[in-house]
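Working notes, structure below.
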Amino acid sequence: MVIEIQSTYESVSVVYEKLIKNVSKYRDLVGRHLTLSEKILAGHFENFKVTQEQNRYVLLRPDRVALQDVTGQMVMLQFMQAGLKSVALPTTIHCDHLIQARTEGKSDTKLALYENNEVYKFLESAASKYGIGFWKPGAGIIHQVILENYAFPGGLMIGTDSHTPNAGGLGMLAIGVGGVDAAETMAGMPWELLYPKRIGVYLKGEMNGWTAAKDVILYVAGQLSVSGGTNSIIEYFGPGTKSISCTGKATITNMGAEIGATCSIFPYDERMELYLKSTGRTELADLANKYKEHLIADPDIEKNPDKYFDKVIEIDLSKLEPHIVGPHTPDLARPISKLADDVKNNNYLDNISVALIGSCTNSSYEDMSRAASLAKQAQSKGIKAKIPLLVTPGSEQIRATIERDGQIDSLKSIGATVLANACGPCIGQWHRPELKQGERNTIVTSYNRNFPGRNDGKRETMNFIASPEMVIALALGGSLSFNPLDDSLTASDGKTFKLDAPESASDVPDRGFVDTEDVYISPSENHDAVQVLLDPASERLQKLEPFDAWNGQDLNDLHVMIKAKGKCTTDHISPAGPWLRFRGHLDKLSDNLLLGAVNAFNEQVGKAKNMLTNQVENCAEIARQYKKQNISWIIVGDENYGEGSSREHAAMTPRYLGCTAVIAKSFARIHETNLKKQGILALTFNNPEDYDKIYEDDKISISQLGEFSEGKPVECNILHANNTSEKIILNHSYNNLQIEWFRAGSAMNILSKKQQN
């Protein structure tokens, strides 16, 4: 069977016909008007046995799957492990994560092709064999390429990257998932999702001056926090949505991941129509126009939003100030007018070391045009950026177009260096030899994530996030305390001047986007003739072996590896940066276990007490010793444990090294699912204060697993070193299917068994 990878007129028509049918049925079932997100979910229901009730799971049929080159390695290895023959729905692989930013785009890409040749050849051959489209290194960042080529209003997509919701800017429900979710869906199985709550963001007015689409999501992040959107879809509505470009909408939905949202979405409008037509999809635009009433919320939603949303936030775009967030968390938000005071009061380093714009989040034609308008102002005054300025194009299409239309030249005129069309510094692929070990420094970016160590692997780097326009202004000023709305710069002639607000820019280029060549490879039409290139002796790729099934016994006398204190993201559990090279080799990657986690027992990072030696050692070293002795262990987590990236490696590496359970105050959505999929018990304290009852030398026993069932808590016995003990209650969100994952040892074991049968 050959799968059509493109989003064609015919395939999208099928989606819309099913949407109409299912929405009508669902509206009758619930007896009320529907939000846009409810319509799209209903349009993709496998069945109607489960309604919108909270804490219930639904089975969905996505329209497509997207993989990037880092997480995609494990997906393809799992796909192969299960014995699958070909994908059952459109799937693409995008090579964007492994290109490290060192000097500039062309040379960095060339070096990456050499350094990662083995991985690229594996992914290309696997894509060719299993019917998957392959986007070459340099083609662009997965989310931008998806927006340019595949996303369509009313569709449902899953992707193995937490910023998959970028496609919500084009009216698509696009959701980040772990690798097993992707592999199962690629195999033709329905995809399971906890039915999300709904948060509505009502937009009115129009942005003006320095305010950009970025400021909308930075403001929302400040309102909701990093966990405020957990298990929720953020739906934007109101007249203000029409004033934001399609790519501006994508910026907002992209960063919904930073507040834990399942995804974010905007209603279909003329700005989306314009983008579809400009990117060569006029037929899809015409089709969307035909079905427009089904690609927006029912009229009563806007009239009575409190009836349909669990929470409503209202934003007057005409009054919204430019915002900046950070450091170390994307929800520490304030308007730019308050930043100087924060710098002083919190002893932030005022001098900026590097400024960076672009990435999947903010490298649109509109973004780059507005940034270039500021660069032109600076050029006319004879000044340049006071600090290094790095530009990351989101795709080759964007890069080639802004080179043709002069935006790149304008940015270079003030000292900018153009990096590769790849993630680069956004995900830790940034080589900074100029920094001394432990040197504190401040950077400003238009990227989406700023956890400690996120950008350059250095926890001492403080990352502040703002719009591209604001980052350019701060680069010209050289300090965090510079406010371009009020403060002046000094021209080359010694005269002072204030920057004018960025010029209004077109959503899309007047001359159209530049057509790109040699960036995409279609899969082979003769799948059986293709051999997947996987060297058994490879140090980058490792064939997967199934995890052991549950032995039917309670978990007794488990050691406590670490009690994570405060924020513990997937970057803390399984760091990126230099470790990206091992994402296809589970054993080698496992050496980064909990490398960034702060241990509440000793306040050290990545270190714990080895109960066999009584020495403080790296967690990975301890875990390997425990594994040799067949000693199982647990992790204790704080609030929102596992927030951030979709990387399932943060669940796989603990599982590989002997972790049997994670007990936390609460979990981030994707990570909780990943733990379940890999056969690790994901449990939460019934009383969050019980977190304080667990000590370093304790042994933990989890009982009643023989009666493990949906909605029934389990008992936990804490045995202290002084031989006293106490019992606590642990909750879980498992349904019956997920309990089978635990019993089988992993969801992949179940999929493999199905293929064998």
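Miscellaneous remarks
- Near the amide H of N687, within less than 5 Å, lie the amide hydrogens of I729, all on another chain or at least 5 residues away, with H placed in the peptide plane.
- When +1 charges are put on Lys and Arg Cβ atoms and -1 charges on Asp and Glu Cβ atoms, the dipole computed for segment 9-318 relative to its Cα centre reaches about 400 debye.
- The distance from the alpha carbon centre of segment 301-323 to that of segment 194-216 is 7 Å, rounded to a whole number.
- Cross-link partners for K627 among the aspartates and glutamates, with Cα-Cα distance under 14 Å and sequence neighbours closer than 8 places in the same chain left out: D548, D587, D591.
- Per residue, the convex hull spanned by the Cα atoms of the chain amounts to 152 cubic angstrom.
- DSSP assigns beta bridges within the chain; of those with both partners inside it, close to 40 percent run antiparallel.
- For segment 320-444, share of DSSP beta bridges that run antiparallel, in % to the nearest 5: 30 percent
- Evaluated at q = 0.12, 0.18, 0.24 Å⁻¹, a Debye calculation over the C-alpha positions of segment 533-646 (equal weights, vacuum) places log10 I(q)/I(0) at -0.49, -1.04, -1.36.
- The Rg/Rh ratio for segment 253-365 is 1.06, where Rg is the radius of gyration of the alpha carbons and Rh is the Kirkwood radius.
- Within the chain, helix-based [θ] at 222 nm, where runs of 4 or more DSSP H residues each add -39,500 (n - 2.57), nearest 500: -9000 deg cm²/dmol
- Of all lysines in the structure, those lying under 19 Å Cα to Cα from K21, and not within fewer than 8 positions of it along the same chain, are K39, K49, K290, K292.
- Size of segment 645-751: Rg and Dmax of its alpha carbons, in Å, are 14.0, 45.
- Percent of C-alpha pairs per 20 Å bin in segment 9-318, short distances first: 33, 58, 9.
- Note on the chain: with charges restricted to the Cβ of Lys and Arg (+1) and Asp and Glu (-1), its dipole about the Cα centre is near 440 debye.
- Summarising the amide proton neighbourhood of M462: residues at separation of 5 or more, or on other chains, whose placed amide H is nearer than 5 Å comprise N441, T442, I443.
- Restricting segment 415-522 to trypsin sites (Lys or Arg not before Pro) that sit in a DSSP loop and have at most 12 other Cβ atoms within 10 Å of their own Cβ leaves K436, K495, K498, R511.
- Summing charges over all other residues whose Cβ lies under 12 Å from the Cβ of L737, with Lys and Arg as +1 and Asp and Glu as -1, gives -1.
- Placing unit charges on the Cβ atoms of the charged side chains and taking the dipole of segment 555-756 about its Cα centre, the candidate lying farthest along the positive direction among P578, S632, Q756 is Q756.
- Seen from A213, the other residues with C-beta closer than 12 Å to its C-beta sum to a net charge of -2, counting Lys and Arg as +1 and Asp and Glu as -1.
- Alpha carbon centroid spacing (whole Å) that separates segment 134-165 from segment 688-730: 43 Å
- Excluding same-chain neighbours fewer than eight residues apart, the lysines reachable from K344 by a Cα-Cα span under 29 Å are K214, K319, K384, K386, K436, K458, K495, K498, K565, K567.
- Relative frequency of Cα-Cα separations exceeding 21 Å in segment 322-481, percent: 41 percent
- Using only alpha-carbon positions in segment 575-637, the gyration tensor eigenvalues give semi-axes of 20, 16, 9 Å once each is multiplied by 5 and square-rooted (largest first).
- Once you divide the Cα radius of gyration of segment 555-756 by 2.2 N^0.38 Å, the number left is 0.96.
- Beta-bridge orientation, segment 555-756: approximately 60 percent antiparallel, per DSSP, counting only bridges with both partners inside.
- Relative contact order of segment 326-429: 29 percent, from C-alpha pairs under 8 Å at least 6 residues apart in sequence.
- All-pairs Cα distance distribution in segment 59-103, expressed in whole percent, bin size 5 Å: 5, 17, 23, 23, 16, 7, 4, 3, 1, 0
- Relative to the 2.2 N^0.38 Å rule of thumb, segment 615-662 has a C-alpha radius of gyration ratio of 1.21.
- Relative contact order [Cα under 8 Å, 6+ residues apart], the chain, whole percent: 14 percent
- Highest average first, the peptides 719-732, 154-167 ordered by how many other beta carbon atoms sit within 10 Å of their residues are 154-167, 719-732.
- Put the Cα centre of segment 610-682 next to the Cα centre of segment 484-524 and the gap is 44 Å.
- Radius of gyration and maximum dimension Dmax of segment 32-155, Cα, Å: 18.1, 57
- Across segment 383-541, the mean sequence separation of Cα contacts (distance under 8 Å, 6 or more residues apart), normalised by length, yields a relative contact order of 21 percent.
- Burial order of peptide ranges 271-282, 566-577 (average beta-carbon count within 10 Å, highest first): 566-577, 271-282
- Segment 391-530: proportion of alpha-carbon pairs further apart than 23 angstrom, %: 51 percent
- Distance histogram in 10 Å bins (all Cα pairs of segment 223-296, percent per bin): 20, 43, 28, 9
Just so you know, all these numbers are worked out from the coordinates, no wet-lab data involved. Everything numeric in this text was worked out from a predicted model, so none of it was measured. Counting neighbours? That spans all protein chains shown, and the Cβs are built from the backbone with ideal geometry, glycine included.
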